[in-house]
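Right, one structure below, let's go through it.
The values are calculated or read from the model by the stated rules, or taken from the named source; none is laboratory data. Everything numeric here is computed off the predicted structure, so don't read it as measured data. Heads up, the Cβs are rebuilt from the backbone with ideal geometry, glycines too, and the neighbour counts pull from every protein chain shown.
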Amino acid sequence: MERTLDSMAFDSGATSFSGDSGEDEQSLFPKTIPQKVSEDEWKALKASNIDGAAESGQTTYTLMDMDGDGQRDLIVETYSGGTGMFSYTETYRRSEGRFISTTSEPAHESGSLFHTNDRGANQSVNWIKVRGKMYVAYRNGSYGVDQVFLLNPLKINNKVPTLTVRYGYQLTVPHTQYMEDGTTPFELDPALQKVLAKALIKVNASEAQETGQQKTPICPIPSSAQDSDDYYSFGASYYAVEPVADMPVVIGNECFIARLINWYGSYSDKDGLFALLTLRKPGSEDQARSYSVNGRRHITRVSTSIGKAEGGAEYF
């Protein structure tokens with residue numbers, strides 16, 4: 001999917017420039033005309049009271065003709081950071097001697113046109129041309145699925161064309177694993193590798209499962225257990241990762257509760273899907289241990305629809 005979208009890039013004749021540094025990490029619109037910006041464009045920019053796409057952060061401005069009228073419009077992108085490492089995008093249409101904000105329309109409730117979240121989501125944006133028209137291909141991914149919303153960058157749309165691609169994975173446990181520092185390798189015991197691989201067979205290969213409290217215990221509850229609830233779920237998750245499934249893993253005579261996590265379907269041609277299988281012993285305070293899991297995906301279904309955008313484009 002990512003490679004296909006990258007292949008649709010085009011020579012846009014765009015000019016980009018950065019904002020000036022202000023106080024409290026606030027970018028200010030440049031005071032002097034940037035290179036490759038015409039005098040006419042500069043006059044219109046100064047007349048338009050251009051702000052950043054977010055309240056604070058580093059802002060980049062790009063002039064590019066987005067509607068084919070021969071005049072370059074404006075894209076404003078602000079990286080505001082934060083726990084989610086957010087980037088916000090706003091667009092302005094060139095109209096006579098000014099640039100008019102797309103989100104100035106009364107029907108739009110958000111301060112930006114769309115945003116991407118680099119921690120706690122798997123989202124990307126590609127500017128593409130389809131049948132001579134420019135669109136924003138906004139991809140929102142998770143385990144087993146990518147959704148691409150085709151957005152008109154200069155219009156507020158209630159419904160947008162959507163491409164949904166669903167995947168299945170072949171999950172494997174690599175023989176070479178790494179210590180918690182991420183750089184020190186060690187070789188996994190073949191017997192343990194076989195046990196972990198067997199546990200993954202129970203994982204749904206195409207869809208994340210519910211990982212909350214189960215109706216039945218994942219591991220048998222011994223009569224000596226002080227907290228029986230500890231046996232029904234791996235436990236709370238962390239917003240930056242996506243849980244896929246909880247399952248039992250029996251090593252020797254001991255039952256461990258395992259959770260498979262991934263980073264919202266993040267995938268590369270070289271490494272495939274990177275995931276972690278983390279084991280903990282219920283009723284024990286021993287530290288949990290994690291093992292790398294790789295996944296090679298294959299497309300199981302492709303569908304198209306018209307509907308409301310999701311992810312950081314939900315207000316589009």
Within segment 178-206, residues free of Cβ contacts under 8 Å to residues at least 24 places away in the same chain and surrounded by 14 or more Cβ atoms within 10 Å (Cβ to Cβ) come out as Gln193
Is it the case, given these coordinates, that Gly265 is at positive phi and more than 20 Å from the chain's Cα centre (by Cα)? no
Among the residues of segment 193-251, what is the count of those that are over 18 Å from Val173 (Cβ atoms) and in a helix (DSSP H, G or I)? 4
Looking for whichever is in a strand (DSSP E or B), among the β-branched types (Val, Ile, Thr) and assigned by TED's automatic domain parsing to the domain that holds Ser27 here; the options are Thr162, Thr116, Thr103, Thr83. Which one fits? Thr116
Quick one: would you say Gln147 is touching a residue at least 40 places away in the same chain (Cβ under 8 Å), in the same structural domain as Ile100 (by TED's automatic domain parsing) and in a strand (DSSP E or B)? no
Candidate set: segment 41-82, residues that are touching a residue at least 40 places away in the same chain (Cβ under 8 Å) and among the β-branched types (Val, Ile, Thr); chosen: the one farthest from Asp118 (Cα to Cα): Ile50
Which numbered condition trips up Ala137, out of (1) assigned to a strand (DSSP E or B); (2) of a type in the set (A, V, I, L, M); (3) in contact with an Asp or Glu (Cβ under 7 Å, 6 or more places away or on another chain)? (3)
Based on what the data block shows, is Gly57 touching a strand residue (DSSP E or B) at 6+ places or on another chain (Cβ under 6 Å) and surrounded by 17 or more Cβ atoms within 10 Å (Cβ to Cβ)? yes
Has segment 240-248 got any residue that is free of Cβ contacts under 8 Å to residues at least 12 places away in the same chain, surrounded by fewer than 19 Cβ atoms within 10 Å (Cβ to Cβ) and not β-branched (Val, Ile, Thr)? no
Scope segment 4-31; condition part of a loop (DSSP other than H, G, I, E, B), closer than 15 Å to Asp51 by Cα and hydrophobic (A, V, I, L, M, F, W, C); matching residues: Phe29
Could you tell me whether any residue of segment 276-294 is assigned to a strand (DSSP E or B) and closer than 14 Å to Glu207 by Cα? no
Looking at the structure I just gave you, is Leu163 of a type in the set (A, V, I, L, M), within 28 Å of Gln123 (Cβ to Cβ) and surrounded by 10 or more Cβ atoms within 10 Å (Cβ to Cβ)? yes
Collect the residues in segment 264-279 that are within 22 Å of Gln213 (Cβ to Cβ) and either at pLDDT below 95 or in contact with a helix residue (DSSP H, G or I) (Cβ under 7 Å, 6 or more places away or on another chain) (or both), keeping them in residue-number order. Leu277
When restricted to Ala121, Ala137, the only residue aliphatic (A, V, I, L, M) and crowded, with 21+ Cβ neighbours inside 10 Å is Ala121
